[in-house]
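Asks: Starting off with a structure, shown below.
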Amino acid sequence: MGNAQATQNQQQQQAVAPTPKLGVVTDPIGDMLARIRNAVLAHHNNVRIPVSKMKLEIAKILHEEGYIRGFQLVGKGREMRVRLKYDDTNEPVLRGLKRVSKPGRRVYVGHQDLPRVLAGLGVAVLSTDQGIMTAREARRRNLGGEVLAYVW
C-alpha cells in the first residue's frame, strides 16, 4: 500500500506544472530597449514594461522626441504601457535603439565629447547628475554623464 501511495503522490506532483520563476534582469534599461525594439519589429501597437523612475524618464524623452505616441502606468503602477508610433505607410517611426553603457562596461563622456547620433538625426540619452536628458540638452547645460542609449 505504501508503494502505491508513493507512486500516486509522484504522479500528482508531475501533473502540477511548477510555477515559472522570473529571472533577475541584470540590465533593466537594456531589457526596456529590447522590449520596445521587438514590439516595433513585430508591429505591435503597444508594449508593457516593468516600471522604474529611470525607465519613466527614458519613455518621457522618447515621447518628447516623437519616437513613441505616449506611455501610461498600468497594473497598480508596477508596469507602464508604451504606445508605439507608426507613420502613414505603417512604418515604425523608431528605426533603431542601441544600448551604449552596459552593466559590464560603463561609458561616460564629458560635456565636450557628447555624441551626435546620425549627424543630429537621432538622439543620445544620457544620465547626468541633473537627471536623464538628451545629449542636446546636456550640451546646452554644459553637462557630461553616462551615455545610456542611442535612438534613431
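No lab work stands behind these numbers, since they all come straight from the coordinates. Note that the coordinates shown come from a computational prediction; the quantities given were computed from them, not determined experimentally. Using ideal geometry, Cβ is built from the backbone for each residue, glycine included, and neighbour counts are taken over all protein chains shown.
Asks: Cβ neighbours within 10 Å, averaged per peptide: list 97-110, 132-145 in order, most packed at the top.
Replies: Descending packing order for the listed peptides: 132-145, 97-110.
Asks: Treat each spin label as a single point 7 Å out from the Cα along the C-beta direction, and report the LYS76 to ASN38 distance in nm.
Replies: Result for the modelled spin labels: 2.4 nm.
Asks: I've got another one for you. Under 17 Å Cα-Cα from LYS76, which lysines qualify once same-chain neighbours fewer than 8 residues away are excluded?
Replies: Of all the lysines, those that pass the test against LYS76 - Cα under 17 Å, at least 8 places apart if same chain - are LYS53, LYS55.
Asks: OK, next. Taking only Cα atoms, what is the 0 to 90° angle, nearest 10, from helix 53-64's long axis to the longest principal axis of the chain?
Replies: Once rounded, the angle reads 50 degrees.
Asks: Which of these values of semi-axes √(5λ) of the Cα gyration tensor in Å was calculated from the structure shown: [x] 82, 17, 10; [y] 24, 18, 16; [z] 41, 20, 13?
Replies: Here semi-axes √(5λ) of the Cα gyration tensor in Å agrees with entry [z].
Asks: Run lengths n ≥ 4 of DSSP H only: what is the helix-derived mean residue ellipticity at 222 nm for the chain, with -39500 (n - 2.57) per run over all residues, to the nearest 500?
Replies: Taken over the chain, the calculation gives -9500 deg cm²/dmol.
Asks: Quick one: what are the phi-derived ³J(HN,Hα) couplings along the stretch 38-44, Karplus 6.51/-1.76/1.60 with θ = phi - 60°, whole Hz, x for glycine and proline?
Replies: Calculated HN-Hα couplings, in order: 5, 5, 5, 5, 8, 6, 6 Hz.
Asks: Modelled label-to-label distance, LEU121 and TRP152, 7 Å Cα→beta-carbon offset: nm?
Replies: Here the answer is 0.7 nm between the modelled labels.
Asks: Between TYR108 and VAL93, with labels modelled 7 Å along Cα→Cβ, what's the label distance in nm to one decimal, could you check?
Replies: 3.5 nm
Asks: Sort TYR67, TYR150 so that the residue with the fewest other Cβ atoms within 10 Å of its own Cβ comes first and the one with the most comes last.
Replies: Ranking TYR67, TYR150 by Cβ neighbours within 10 Å, fewest first, gives TYR150, TYR67.
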